[in-house]
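Throughout, read-outs are computed from the coordinates displayed, never taken from laboratory work. This one's a predicted model, so the numbers in the text were calculated from it and none came from an experiment. FYI the Cβ positions are ideal-geometry reconstructions off the backbone, even for glycines, and counts take in every protein chain you see.
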Amino acid sequence: MSTAAVAEIDDLTVWFPSPGGPPVRAVDGVSLTVRAGETLGLVGESGSGKSTTGLALLRLVDPTTGRIRVGGEDVTGWSRRRLRGLRRRVAMVFQDPQASLDPRRTVGASIAEPLVVHRLAGSADARRRRVAELLDLVGLRPETAGRHPHELSGGQRQRVGIARALAGEPDLIVLDEPIASLDLSVQAQILNLLRRLQRDLGLTYLFIAHDLAAVEHLSDRIAVMYLGRIVETGTPTQLWREPAHPYTAALLSAIPVADPRVERDRRRIILSGELPSPTDPPSGCRFRTRCPQARPDCAETDPPAVEVAPGHRAACLYAGEAVRAMRADPPAPVTGGPR
Amino acid sequence: MSAPVVPSPRAGGEPPGGEPVLAIDDLTVTLGTRNGPARAVAGVDWSVAPGRTLALVGESGSGKSMTVLAATGLAPRSATVTGRVRLLGRELTTMSETDRRRWRGRHVGFVFQDPMTTLNPVLTVGRQVTEACEEHLGMSRRQARSRAVELLDLVGIPAPERRVDAHPHQFSGGMRQRVVIAMALACEPELLIADEPTTALDVTTQAQIVELVADLRRRLGTAVVWITHDLGVVAGIADTVAVMYGGRIVEQGPVDAVFAAPGHPYTRALLAARPRPGAAGEELAAIPGAPPSPLDLPAGCAFWPRCPVRGDARCAHELPPLVPIAPGHRVRTFYPTTADGGATADPTTADGGATADPTTADGGATAEDRHQLRPEDR
């Protein structure tokens, strides 16, 4: 595709030291590109490394190896001082706006902070006007500027978090679980807002979430992570219609559908076992210890990502084939207990 | 008036007369707060039969958790609780605290969202799983230990004879929740109360726990009350559903009926607001505003300020009664809708008297108010 890359991650690893043992390999060889104007969804369960990948993109954690480029510039080795500029270009919206907003500051002061830090609006007056404009963009009334976070609902607080992220006119916004702590009736409001802002302002998103339904709704492309690696990338349609990696297929089949008739007849792929420790990932394919279709050579070869269709890649030695076999012959649901 | 009892075709394991395991009638909970009284739950009634699952659905502040806490005598001290609660035929509200604790401990198991709030980090899981049994069933230490191994095996913990001596931190989140379920089942309770038991878990782990509870319920005949905000989970586990909003039940009925033909505008709106697979890119039918706080509930219908139907001025001032729209299916609205999204007439125009016979209200369109209802126009 010819669209310019806003951010590129190239063979990134982030290892955290763990006392008296091998390091925790939170991210272990991830490459991805976020293109201008798109939403790239990054999904995975806890421990998959999706949030660490997002933090590394802002250099909020330091990469162990690999390169990070933003707007074509290699920011991997940037100093603390230069990073301030990076954080104007890449902004972040966090899961819990309660925790990410300073409770003692007014909403207006929180939104204005990036303007001050990055010297974007000269006079106090210009800042006030810009804050009012930002509040309007996210659907809040101008007088909200004088309120404190605790006076707002969860949905309103997340709108403030989004306004703050927009303040520096970033090239990329990393959305880390932006709706996970909101009430169901409010989640749709925020998803609609994010979509509208993207359309109106030409924003680029990296949308990190565990909720595949929400990710699918907002994303142009999706990358699925498991134990520090990307196992599959493709469009939402490609992933829903024809997942090529067994983990993606299992993840999709685990999502409950709000229709009792569908739920009753559903053949669910229930994964057995536990997520292996990221300090000692399995040899070969990392998913093989839980994969219903694992074969002997899966323990030998670390599977490279192969293209199964244009723009659709999976890191599985039996990409496509394994999922077709699983679907034709799903294993009996494993609850672990004796039958 | 008590709730329509869920028909229980299950044979065996039922108390005489097919009585519900837990029946709540006109339960109201008022909390004393710094900012005045908060009416957390009002006029709730439902019951759950042996081997059946009732899902209590709602958003934050809807009163779903407070309902079961108050019913089982676990409401905070500042709460004033009124109404009747029968657990296996015995009235809990008039029991002494000691008797209630014993009766509850013997017959009800609890599973909460965060397993670490239930588990003691310094005790082995084996000790904790059977702690309650030792007290309630008078077991010896050795009997308790072998029972613990049995229970850990029942909930699918691998190598239970070894794991029984492990501590909670040595288990993953999903495995800890299995331990809590084993604890809850230790005394073979007739009722399992699960309050958002999978909310903190990943979806693949959630699928394992949902499957486990469904399987245990089938095998042991336990009645389950499952509290959740996730409509997908409800669709997978429930026989009956009670949807709560602003402390009241707004819709209640068999799971198929509630999902296929939701009668309350709130239920309809919640179902419509979910992103659906294959419909990417469409604007979602969001519900404006936020759920009300129990401190500041609207007069009349609590959903009125956010309601897409917005029937008439009565909605803003008068509390709609819970009226039947089909057998066992009730809604608290002046403007119930039918499966095709059309309006039924207001079944309450006969002023209270009309609620007696479910068949007359069932889609019965004596349609003065038909014009009021429009499809969600977004």
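Descriptive notes on the structure:
- Taking B:Glu135, B:Glu150 and counting other C-beta atoms within 10 Å, the order from fewest to most: B:Glu135, B:Glu150
- Stokes-Einstein translational diffusion, segment A:240-328 - Kirkwood Rh over all Cα pairs, 0.692 mPa s, 37 °C, in µm²/s: 233 µm²/s
- Ranking of A:His312, A:His210, B:His169 by neighbouring Cβ atoms within 10 Å, starting from the fewest: B:His169, A:His210, A:His312.
- In order through segment B:83-88: 3J(HN,Hα) via Karplus (6.51 cos²θ - 1.76 cosθ + 1.60), integer Hz, x for Gly, Pro: x, 10, 9, 10, 10, 6
- Dividing the summed helix terms, -39500 (n - 2.57) for each DSSP H run of n ≥ 4, by the number of residues in chain A produces a 222 nm estimate of -9500 deg cm²/dmol to the nearest 500.
- For B:Ser78, net neighbour charge (Lys/Arg +1, Asp/Glu -1) across residues whose Cβ lies under 15 Å away: +3
- Kirkwood analysis of the Cα pair distances in the protein assembly as shown returns a hydrodynamic radius of 27.5 Å.
- Longest to shortest principal axis, alpha-carbon extents of segment A:5-226, angstrom: 51, 39, 37
- Fraction of antiparallel bridges per DSSP, the protein assembly as shown only, in percent to nearest 5: 65 percent
- Solvent-free Debye scattering, log10 I(q)/I(0), computed from the Cα coordinates of segment A:42-152 at q = 0.17 Å⁻¹: -0.98
- The distance from the alpha carbon centre of segment B:228-250 to that of segment B:194-223 is 15 Å, rounded to a whole number.
- Ranked by how many other Cβ atoms sit within 10 Å of their own Cβ, fewest first, the residues B:Asp296, B:Asp114 fall in the order B:Asp296, B:Asp114.
- For segment B:150-160, 3J(HN,Hα) per residue [Karplus equation, 6.51 cos²θ - 1.76 cosθ + 1.60, θ = phi - 60°, Hz, x = Gly/Pro]: 4, 5, 5, 5, 4, 8, x, 8, x, 6, x
- Ratio Rg/Rh, restricted to segment B:136-258 and using Cα atoms, in which Rh is the Kirkwood radius: 1.02
- Relative contact order computed over segment B:114-179 (Cα-Cα under 8 Å; 6+ residues apart), in percent: 44 percent
- Mean sequence separation of contacting Cα pairs (under 8 Å, at least six apart), scaled by the length of segment A:5-226, corresponds to a relative contact order of 30 percent.
- The string of couplings for segment A:164-169 from the Karplus curve (6.51, -1.76, 1.60, θ = phi - 60°) is 5, 5, 6, 3, x, 6 Hz, one whole number per residue in order, with x for Gly and Pro.
- When you restrict to C-alpha pairs under 8 Å that are six or more residues apart and normalise by the size of segment A:1-65, the relative contact order lands at 36 percent.
- Spin-label pair A:His118-A:Glu73: with each label point 7 Å from Cα along the Cα-Cβ axis, the two points sit 1.2 nm from one another.
- Inter-centroid distance (Cα atoms) of segment B:90-151 relative to segment A:42-56, Å: 38 Å
- Cα-based convex hull volume of segment A:14-101 per residue, rounded to whole Å³: 142 Å³
- Counting charges near A:His148 (Lys, Arg +1; Asp, Glu -1) among other residues having Cβ under 12 Å from its Cβ returns a value of +2.
- Local electrostatic count, B:Arg147, Cβ distance below 15 Å [Lys/Arg +1, Asp/Glu -1]: -3
- Alpha-carbon centroids, segment A:68-133 and segment A:267-320: separation in whole Å: 39 Å
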